[in-house]
Amino acid sequence: MLLIVLTLISALSFLYYGSTFFATKSMKLEFERYGLDRYRQLIGGLQLLGGFGMLIGLFWVPALLLASGGLALLMLIGFGVRLKMKDGFWASLPSFIFMLINFYICLSAAGITG
């Protein structure tokens, strides 16, 4: 049950957040601040793909493994960028939490955790 709840939270969060990469000016400005604007659409697309993959993964475990592993890696990179930009604890915390959640989902889907 925990795996399903975490998967739904992650999937819906990434579907929402990934769509903001295309729809909001604030996301464009944030990526300009990072010096990563040329990757904004790619990252938004990967987040949308990951969110859809998580939903598919509720019915097909290989998709859950790939999506959760990819999102965990994406959030690890995002956390590193936040630290490099000296964004502080609270601004960096969401990427770290989503990295942990998706890493747990990946391990659980692989049968490594309970």
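Throughout, read-outs are computed from the coordinates displayed, never taken from laboratory work. These numbers come from a predicted model, not from an experiment. Here Cβ is always computed from backbone atoms with ideal geometry, including for glycine, and neighbour counts include all displayed protein chains.
Summary of computed values
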{"item": "Anisotropy class of the range 3-53 from Cα gyration tensor, a/c 1.5 cut", "result": "prolate"}
{"item": "Packing-based ranking, highest mean first, of 89-102, 71-84 given that Cβ atoms within 10 Å are counted", "result": "71-84, 89-102"}
{"item": "Relative contact order computed over the chain (Cα-Cα under 8 Å; 6+ residues apart), in percent", "result": "27 percent"}
{"item": "Cα-based convex hull, the chain, per residue volume (Å³, whole number)", "result": "91 Å³"}
{"item": "Net lengthening on full extension, LEU36/ILE112 (0.36 nm per residue, minus Cα-Cα)", "result": "23.9 nm"}
{"item": "Gain on full stretching of the segment that runs from LYS25 to LEU2 - 0.36 nm per residue minus C-alpha separation", "result": "4.8 nm"}
{"item": "Proximal charge balance of ARG33 [Cβ under 13 Å; K/R count +1, D/E count -1]", "result": "+2"}
{"item": "Unit charges at the beta carbon, dipole of the chain: most positive-side option, SER108, ALA63, LEU74", "result": "LEU74"}
{"item": "Cβ-defined net charge surrounding MET85, 11 Å radius [Lys, Arg +1; Asp, Glu -1]", "result": "+2"}
